[in-house]
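Student: Let me give you the structure first, and then I'll get to my questions.
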Amino acid sequence: MEKEKPNSIRTYDEDGFIRRAACLCVKNEDEKEVLLVTSSRVPGQWIVPGGGLEPDEEPSIAAIREVMEEAGVRGTLGRFLGTFENSERKHRTSVYVLLVTEELEVWEESQSRGRKRRWFPIQEAVKVLQEHKPVQCKYLKLLLKHNSFP
């Protein structure tokens with residue numbers, strides 16, 4: 001479980017699930033590599049950057065904001081992959097693809113939480129996430145499925 005950010009307010013959907021947003025950050029349009037960040041709770045674990053929506057915030061805007069805060073990257077928001085449910089944690093996460101165009105040397109959570117980021121080939125990222133973040137694996141598998149078509 002990721003630590004709450006100071007002064008964060010959780011927003012909920014009509015079913016009582018926490019509303020979240022995340023981005024699969026890719027290097028190129030071929031989408032063969034994805035950027036993961038270290039977890040703030042378990043620094044040795046890698047996760048897809050994302051977090052909670054602020055009140056009245058659109059999921060796409062939250063996804064871009066969260067990626068900047070957690071991974072220190074900016075880019076072009078691409079397609080919406082879908083909404084993924086984690087019934088155990090009562091989260092619903094809207095996931096987008098972001099084509100990274102800029103990587104900052106220092107960013108908010110690299111300093112405040114010691115976060116690191118790293119590019120992974122998608123297959124390796126799936127292996128890294130499958131044990132402790134199975135829902136996030138679903139994001140990547142959907143990306144792989146999309147990219148396996150001629």
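The values are calculated or read from the model by the stated rules, or taken from the named source; none is laboratory data. Only a predicted model underlies this, so the values are computations on that prediction, with no experimental measurement involved. Heads up, the Cβs are rebuilt from the backbone with ideal geometry, glycines too, and the neighbour counts pull from every protein chain shown. We work out accessible area using only protein heavy atoms, side chains counted, and drop any ligands, DNA or RNA first. Shrake-Rupley method; radii C 1.70, N 1.55, O 1.52, S 1.80 Å.
Student: Just checking, does the stretch 70-77 include any residue being in a helix (DSSP H, G or I) and either closer than 17 Å to residue 18 by Cβ or touching a Cys at 6+ places or on another chain (Cβ under 8 Å) (or both)?
Tutor: Taking every residue of the stretch 70-77 in turn, at least one turns out to be in a helix (DSSP H, G or I) and either closer than 17 Å to residue 18 by Cβ or touching a Cys at 6+ places or on another chain (Cβ under 8 Å) (or both).
Student: Right, here's the next one. Between 66, 88, which is of a type outside the set (Ser, Thr, Tyr), open to solvent by less than 30 Å² (accessible area, probe 1.4 Å) and not in a strand (DSSP E or B)?
Tutor: Being of a type outside the set (Ser, Thr, Tyr), open to solvent by less than 30 Å² (accessible area, probe 1.4 Å) and not in a strand (DSSP E or B) holds for just one of 66, 88, which is 66.
Student: Taking residue 119 and the conditions (1) open to solvent by 70 Å² or more (accessible area, probe 1.4 Å); (2) farther than 20 Å from residue 17 by Cβ, which numbered condition does it fall short on, given that it satisfies the others?
Tutor: Condition not satisfied by residue 119: (1).
Student: In the stretch 122-139, what residues are open to solvent by 100 Å² or more (accessible area, probe 1.4 Å) and polar (S, T, N, Q)?
Tutor: Residues satisfying the conditions are 123, 130.
Student: Sticking with this structure for a sec: Among (1) assigned to a helix (DSSP H, G or I); (2) touching a residue at least 40 places away in the same chain (Cβ under 8 Å); (3) surrounded by 19 or more Cβ atoms within 10 Å (Cβ to Cβ), where does residue 142 come up short?
Tutor: Single failed check for residue 142: (3).
Student: Of the numbered conditions (1) assigned to a loop (DSSP other than H, G, I, E, B); (2) at pLDDT 95 or above, residue 56 satisfies every one except a single condition; which is it?
Tutor: (2)
Student: Here is a further query. So, residue 74, is that one open to solvent by 70 Å² or more (accessible area, probe 1.4 Å) and farther than 20 Å from residue 147 by Cβ or not?
Tutor: Criteria met by residue 74.
Student: Let me ask something else. Being assigned to a loop (DSSP other than H, G, I, E, B) and more than 13 Å from the chain's Cα centre (by Cα) is the filter here; which residues of the stretch 106-139 pass it?
Tutor: 106, 107, 113, 114, 115, 116, 131, 132 - these are the residues of the stretch 106-139 that are assigned to a loop (DSSP other than H, G, I, E, B) and more than 13 Å from the chain's Cα centre (by Cα).
Student: Which one of 129, 98 is closer than 12 Å to residue 35 by Cβ and touching a helix residue (DSSP H, G or I) at 6+ places or on another chain (Cβ under 9 Å)?
Tutor: 98 is the lone residue from the list that is closer than 12 Å to residue 35 by Cβ and touching a helix residue (DSSP H, G or I) at 6+ places or on another chain (Cβ under 9 Å).
Student: State yes or no: is residue 102 farther than 22 Å from residue 147 by Cα, modelled with pLDDT of 95 or more, among the acidic types (Asp, Glu) and assigned to a strand (DSSP E or B)?
Tutor: Yes.
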